[in-house]
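Chemist: Can you read through this structure? Questions will come right after.
The values are calculated or read from the model by the stated rules, or taken from the named source; none is laboratory data. Computed from a predicted model, the values in this text were never measured in an experiment. Note that we place each Cβ from the backbone using ideal geometry, even for glycine, and neighbour counts take in every protein chain shown.
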Amino acid sequence: MTAAPQVVPFARPDITEAEVTAVAEALRSGWVTSGPQMRAFEEEFAAHLGGGVEAVAVNSATAGLHLALEACGIGPGDEVIVPTWTFTSTAEVVRYLGATPVLVDVDPVTLNIDLGEVASALGPQTRAVMPVHLAGLGVDVAALRARVGDSVRIIEDAAHALPTSNGGDVVGSCLRSEAAVFSFYATKTITTGEGGMITTRDPEIAARARIMRLHGIDRDAFNRYAFDTAGWAYDVVAPGFKYNMGDPAAAMGRVQLARSAEMHERRQRIASRYHEAFADLPLALPVHPPAPDTHAWHLYMVRVLDEAPVDRDGLERLLSEKGIGTSLHFIPLHLLSVWRESLGVVPEDFPVATREFGRVLSLPLFSAMSRAQVERVISAVREAMRA
Ligand SMILES: *Cc1c(COP(=O)(O)O)cnc(C)c1O
């Protein structure tokens, strides 16, 4: 059957006249590729995380994850540990470099990477691990560091994690990791349409990522040998990529970043409202981090319990009939052809993810959501779960 017209989309970007004006100004400036807006966005992003890090703007989080791993020297023969419960880009970037993603199962309560499984997956070829702060709930990176030791690089997939903290550490401040990578994709907590940001405390990682995001061009390298005063001088030190962020996107990102606290406040309120409204239903609700830690509430993922009157697909269908959009985050990687076939994994290798995948559904949660939309989702979910 066809779905009713959508009264509540799954997500919608929160864009005001301020973003429209900022993009228009960037266009009128005559500079539409990477320039002053991008540099200002990088500086403001680093300051927003408390300083002490460098921020490198890129055209997607996927690009940023690729650059961060490349800057850490990941290459053929290396193994990189990735939770099976993530979006495919976390693992695909490992393949870009000729390395092998090693999938591990997740914690049944948080659905974040299981640190015990990480310990079992460690081997002589392990070079890096990529924790994903799923939905905006922080992974305990301090505990992860204790498990993997100092020689394994930690690259945080922070696509959902603006703003997130764990144990007081702000994701992106990179106190215990080599780098973190944020996404500004259309549905994320702040958006530039397409875009991403790498943060790191390591000046060598930042410098390498800046060179590799733009064809491997290094202005300083050529200057070192000759032509040291010529404006046209540059050298190309590696076959790099085309991953830079343009100024119109950066101008939008600056406004979104300035509004991010207000937008996060709205997401938090919606999550709290859902939490109280669903408390008596046969649903497992998302975990709140202990105070004072922050959950970004990028996603509100519920799990339909066995005793519920409908299963996950039934809930999805009943909501869709009422014009309410939902989504699923994520089909675990081990169930996707590319990873199943190339890694030779089977569902039984990941019992937690395989089981929980059958029960999970993401409800609409976005800062531009009206109160009426929130209440509409609540009554539709309550009705479905008591059917
Ligand atoms: C969205 C997302 C990405 C990729 O972000 P892009 O900016 O679209 O490349 C990576 N990892 C996770 C977990 C995501 O949800």
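Chemist: Consider Ser337 carefully, then state whether it is under 30 Å from Leu257 (Cβ atoms), hydroxyl-bearing (Ser, Thr, Tyr) and modelled with pLDDT of 95 or more.
Modeler: Working: under 30 Å from Leu257 (Cβ atoms): no; hydroxyl-bearing (Ser, Thr, Tyr): yes; modelled with pLDDT of 95 or more: yes.
No.
Chemist: What tally of residues in segment 194-211 results from selecting those that are within 16 Å of the ligand (Cβ to nearest atom) and buried (at least 22 other Cβ atoms within 10 Å of the Cβ)?
Modeler: Taking segment 194-211 and keeping what is within 16 Å of the ligand (Cβ to nearest atom), we get 194-199, 209.
Now drop any that are not buried (at least 22 other Cβ atoms within 10 Å of the Cβ), which leaves 195-199, 209.
Selection size over segment 194-211: 6.
Chemist: Consider only pairs whose beta carbons are under 9 Å apart and that are at least six residues apart or on different chains; among these, list those whose first residue lies in segment 171-192 and is under 10 Å from Ala158 (Cα atoms) and whose second residue is within 11 Å of the ligand (Cβ to nearest atom) and among the aromatic types (Phe, Trp, Tyr).
Modeler: Going by the 9 Å Cβ cut-off, the qualifying pairs are Val171/Phe182; Gly172/Phe182.
Chemist: Tally up the residues in segment 42-54 that are more than 15 Å from the ligand (Cβ to nearest atom) and touching a residue at least 40 places away in the same chain (Cβ under 8 Å), please. Give the steps one after another, and end with the answer.
Modeler: Residues of segment 42-54 that are more than 15 Å from the ligand (Cβ to nearest atom), as a first pass: 42-44, 46-54.
Checking the rest, the ones that are also touching a residue at least 40 places away in the same chain (Cβ under 8 Å) come to 42, 44, 46, 48-50, 52-54.
Qualifying residue count for the region: 9.
Chemist: Still on this structure, I have one more. I want to confirm something. Restricting to segment 156-193 and keeping residues that are assigned to a loop (DSSP other than H, G, I, E, B) and aliphatic (A, V, I, L, M), which single residue is nearest to the ligand (Cβ to nearest atom)? Walk me through it before giving the result.
Modeler: Step one: filter segment 156-193 for residues assigned to a loop (DSSP other than H, G, I, E, B), giving 158-164, 167-168, 171-178, 184-193.
Applying the additional criterion that residues be aliphatic (A, V, I, L, M) yields 158-159, 161-162, 171, 175, 186, 190.
On the way: Ala158: 9, Ala159: 3, Ala161: 9, Leu162: 12, Val171: 13, Leu175: 21, Ala186: 8, Ile190: 12 Å.
Looking at residues that are assigned to a loop (DSSP other than H, G, I, E, B) and aliphatic (A, V, I, L, M), I get Ala159.
Chemist: Can you name the condition, by its number, that Glu70 falls short on among (1) within 16 Å of the ligand (Cβ to nearest atom); (2) of a type in the set (Asp, Glu); (3) assigned to a loop (DSSP other than H, G, I, E, B)?
Modeler: (3)
Chemist: Of the conditions (1) surrounded by fewer than 17 Cβ atoms within 10 Å (Cβ to Cβ); (2) under 26 Å from the mean Cα position of the chain (by Cα); (3) under 26 Å from Ser29 (Cβ atoms), Leu257 fails just one. Which one is it?
Modeler: The single condition Leu257 does not satisfy is (1).
Chemist: Go through segment 89-129 residue by residue and tally those that are away from the ligand (no atom under 16 Å from the Cβ), in a strand (DSSP E or B), within 16 Å of Val148 (Cβ to Cβ) and not hydrophobic (A, V, I, L, M, F, W, C).
Modeler: Qualifying residue count for the region: 2.
Chemist: Anything in segment 205-235 that is touching a strand residue (DSSP E or B) at 6+ places or on another chain (Cβ under 6 Å), modelled with pLDDT under 95, part of a helix (DSSP H, G or I) and closer than 25 Å to Asn59 by Cα? List them, or say none.
Modeler: Selection gives Ala221 alone.
Chemist: A follow-up question, please. Do we find that Ile74 is crowded, with 23+ Cβ neighbours inside 10 Å, modelled with pLDDT of 95 or more, more than 18 Å from the chain's Cα centre (by Cα) and β-branched (Val, Ile, Thr) in this structure? Working first, answer last.
Modeler: On the way: crowded, with 23+ Cβ neighbours inside 10 Å: yes; modelled with pLDDT of 95 or more: yes; more than 18 Å from the chain's Cα centre (by Cα): yes; β-branched (Val, Ile, Thr): yes.
Criteria met by Ile74.
Chemist: Let me ask something else about it. Looking at segment 340-353, I want the residues that are free of Cβ contacts under 8 Å to residues at least 40 places away in the same chain and have a partner that is among the aliphatic types (A, V, I, L, M) with Cβ atoms under 7 Å, at least 6 apart or on another chain. Which pairs are those?
Modeler: Pairs found: Pro347/Leu335.
Chemist: For segment 194-204, enumerate the residues that are among the aliphatic types (A, V, I, L, M) and either closer than 17 Å to Val94 by Cα or in a loop (DSSP other than H, G, I, E, B) (or both).
Modeler: Ile198, the sole residue that qualifies.
Chemist: For segment 24-66, which residues satisfy the criterion of being among the hydroxyl-bearing types (Ser, Thr, Tyr) and in a loop (DSSP other than H, G, I, E, B)? Before you say what the answer is, go through the steps one by one.
Modeler: As a first pass, look at segment 24-66 and keep what is among the hydroxyl-bearing types (Ser, Thr, Tyr): 29, 33-34, 60, 62.
Within segment 24-66, Ser29, Thr33, Ser34, Ser60 meet the criteria.
Chemist: Further question on the same structure: So for segment 335-355 (the condition being under 25 Å from Val8 (Cβ atoms) and small (Gly, Ala, Ser)), does at least one residue qualify? Walk me through how you get there before you give the answer.
Modeler: Within segment 335-355, the first condition is being under 25 Å from Val8 (Cβ atoms), and the residues that meet it are none.
No: segment 335-355 contains no residue that is under 25 Å from Val8 (Cβ atoms) and small (Gly, Ala, Ser).
Chemist: Working only within segment 327-372, note down all residues that are within 16 Å of the ligand (Cβ to nearest atom), assigned to a loop (DSSP other than H, G, I, E, B) and crowded, with 16+ Cβ neighbours inside 10 Å.
Modeler: Selection gives His329, Phe330, Pro332, Leu365, Phe366.
Chemist: Additional query: Considering (1) within 21 Å of Asn59 (Cα to Cα); (2) touching a residue at least 40 places away in the same chain (Cβ under 8 Å); (3) out of contact with any Phe, Trp or Tyr (no Cβ under 8 Å at 6 or more places or on another chain); (4) in a loop (DSSP other than H, G, I, E, B), say which one Arg12 fails and leave the rest.
Modeler: (3)
Chemist: Further question on the same structure: Of (1) surrounded by 14 or more Cβ atoms within 10 Å (Cβ to Cβ); (2) more than 19 Å from Phe184 (Cβ to Cβ), Gly231 satisfies all except one. Which?
Modeler: Single failed check for Gly231: (1).
Chemist: Looking at segment 272-282, can you tell me whether even one residue there is closer than 21 Å to Thr86 by Cβ and either modelled with pLDDT of 95 or more or part of a strand (DSSP E or B) (or both)?
Modeler: First pass over segment 272-282, keeping only residues closer than 21 Å to Thr86 by Cβ: none.
The answer is no; no qualifying residue exists.
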